[in-house]
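The values are calculated or read from the model by the stated rules, or taken from the named source; none is laboratory data. These figures come from a predicted structure and were not determined experimentally. Note: ideal-geometry Cβ built from the backbone for every residue, glycine included; neighbour counts use all protein chains shown.
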Amino acid sequence: MDRIQHDGVLIVGAGLAGLSAALAAAPRKVLVLTGAPLNHGCSSAWAQGGMAAALSADDTPALHAADTVAAGAGLVDADMARLLAEEGPAAVRKLAAMGAPFDRDAQGEFATSLEAAHSRARVARVKGDQAGRAIMDAVVKAALSARHIQVRAGARLRGLLQDAEGTVRGVVVEQDGRLMEITAAATILATGGVGGLYAVTTTPPELRGEGLGLAALAGAQIADPEFVQFHPTAIDIGRDPAPLATEALRGEGAKLINAAGEAFMAGYHPDAELAPRDVVARAIHAEREAGRGAFLDARAAVGDHFPEEFPAVFAACLSGGIDPRVQPIPVSPACHYHMGGIVTDAHGATSLPGLYAAGECASTGVHGANRLASNSLLEAAVFGTRAGEAARDARDPGTRPLRAMAAPDLPEAAIAQLRTAMSRDAGVVRDAAGLTRLLAEIDALETAHGRAPALVAARLVASAALDRKASLGAHFRADGVAEGERRRTFITLPTANRIAAVAAVAAE
């Protein structure tokens, strides 16, 4: 295959983390690879709630860090949470200076909103539910204007290049049906999450954890893959991906009701609608499983103001035949965010020399077992910038990459089978029998189609979920022990394979 030598930083992914890294790597040359056109195919542009940061007079980074640690159910790296919170206000102001039109109050200060598990109103928003798209519009414009950045769209990641010592020297990509190798002094993966592994997701379905899977195949250490956050209120109108009813609606006073019109959240948690996301997701799941249904009732809280206050939610509802001004919105939990990922330090460096990671595919330790609402865009901006700054100073080791083969693809029928199995057995509620069945199904798909990165990512999630026998945060075991050790999961692919093999023997 053809080989291109890039004398600079190579970034795979063009969401907020990838483009933040690209901008921060200046004046070093940067090549950004993206499978979709800019501002498409990335979760950043779909984010509704906004960016959490201590921007108001009654808030501090210490309070924000404390809320982040509390939401993470004991698994958050406190030092990383403190770093995120301390650098958060400057990150928001930097994006505003780029042109992101955050809502302002009468005095011109950031207008901030309250979301679940926050002790202060600290979420900077754009027109209620337009933050992700507006932020990405500004960042894309800045990236396209930067002379040091080149963007190659339509390039799909198919593998990582390594030398004989295991140092990552670049990637294998497919473009226009042809494979090519691209070498670089430093490679940053900003490939997004695992939503496309699930049958119901709020993220672009093409995000199937392939960066995570390829890093694991190359030998990288992975952290906390079992912790998958399910957004409680995806709009249940049969769409793939499912439109999102932002958590800000509950912050404004919207209530969760069942088909009989009964508000049910107070029976599950004293904070009712503002309980942590994992609690709300399980409550909705339980109501639906019991046949009572679940709806978000914003008629009194928002009502006639929907078109101007929450235009994205309003448009999505209307497209499904629901008028949220006068009707409750049918909702269902959906895969929304992956707390786990490729282990990185505070500068984005992974366990593999030459490889960095940022955004949802990375695990910095700031999310723990349950991400605090609206910390995802902030993490992408803060740690994407840090990864870009670190990679900027990397020098080409001068080693020769070994010839690499592209990882196999999964046919559409196999993808559909995998998504159904993941939602069934590694979803909101899990147990040993289901996870063992899931791992057997992943084994069968791998035998039939090869070690596709999506299957590797799914194996990591399922194996770690089976190994953690106690419920914690977003990981809920219906058959679990009452309490387990509050430890993070650090795993490699061989360890995941051993967990699956032991489970297979036990099931015989």
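Here are the numbers for this structure:
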quantity	calculated
Segment 127-157: number of residues that are surrounded by 16 or more Cβ atoms within 10 Å (Cβ to Cβ) and either of a type in the set (Ser, Thr, Tyr) or under 20 Å from the mean Cα position of the chain (by Cα) (or both)	13
Answer from Ser463, Ser423 - the residue that is closer than 18 Å to Gly219 by Cβ and hydroxyl-bearing (Ser, Thr, Tyr)	Ser463
Qualifying residue in segment 206-226 (condition: part of a loop (DSSP other than H, G, I, E, B), crowded, with 18+ Cβ neighbours inside 10 Å and of a type in the set (Asp, Glu))	yes
Segment 436-479: number of residues that are in contact with a Lys or Arg (Cβ under 9 Å, 6 or more places away or on another chain) and acidic (Asp, Glu)	3
Criterion: of a type in the set (A, V, I, L, M, F, W, C), closer than 30 Å to Val171 by Cβ and either without any contact (Cβ under 8 Å) to a residue 24 or more places away in the chain or surrounded by 24 or more Cβ atoms within 10 Å (Cβ to Cβ) (or both) - qualifying residue of Ala190, Ala281	Ala190
Filtered residues of segment 432-477 (kept if surrounded by fewer than 18 Cβ atoms within 10 Å (Cβ to Cβ) and touching a strand residue (DSSP E or B) at 6+ places or on another chain (Cβ under 6 Å))	Lys469, Ala470
Considering residues of segment 421-435 that are part of a helix (DSSP H, G or I) and either of a type outside the set (A, V, I, L, M) or touching a helix residue (DSSP H, G or I) at 6+ places or on another chain (Cβ under 6 Å) (or both) only, the residue nearest to Val502 (Cα to Cα)	Leu435
Test set (1) at positive phi; (2) at pLDDT 95 or above - Ala218 fails condition number	(1)
Out of Leu418, Leu378, sole residue that is over 27 Å from Val456 (Cα atoms), in a helix (DSSP H, G or I) and modelled with pLDDT of 95 or more	Leu378
Segment 456-485 residues that are basic (Lys, Arg), paired with ones that are part of a helix (DSSP H, G or I) (beta carbon under 6 Å, 6 or more apart)	Arg459/Ile442; Arg459/Ala496
Residues of segment 251-294 satisfying the condition of being of a type in the set (Asp, Glu) and over 14 Å from Ser332 (Cβ atoms)	Glu252, Glu262, Asp271, Glu273, Asp278
Members of segment 347-371 found to be touching a His at 6+ places or on another chain (Cβ under 7 Å) and either at pLDDT below 95 or part of a loop (DSSP other than H, G, I, E, B) (or both), listed by number	Ala369
Residues located in segment 117-165, provided they are touching a residue at least 60 places away in the same chain (Cβ under 8 Å) and touching a Gly at 6+ places or on another chain (Cβ under 6 Å)	Val123, Ala124, Arg125, Ala131, Arg156, Leu161
Yes/no for Thr447 being of a type in the set (Ser, Thr, Tyr), out of contact with any helix residue (DSSP H, G or I) (no Cβ under 7 Å at 6 or more places or on another chain) and more than 30 Å from Thr68 (Cβ to Cβ)	yes
Yes/no for Gly480 being modelled with pLDDT under 95 and buried (at least 16 other Cβ atoms within 10 Å of the Cβ)	yes
Tally of residues being surrounded by 24 or more Cβ atoms within 10 Å (Cβ to Cβ) and either more than 19 Å from the chain's Cα centre (by Cα) or among the aliphatic types (A, V, I, L, M) (or both) across segment 32-64	7
Those residues of segment 174-227 which are in contact with a helix residue (DSSP H, G or I) (Cβ under 9 Å, 6 or more places away or on another chain), among the charged types (D, E, K, R) and under 25 Å from Asn39 (Cβ atoms), in sequence order	Glu206, Arg208, Glu210
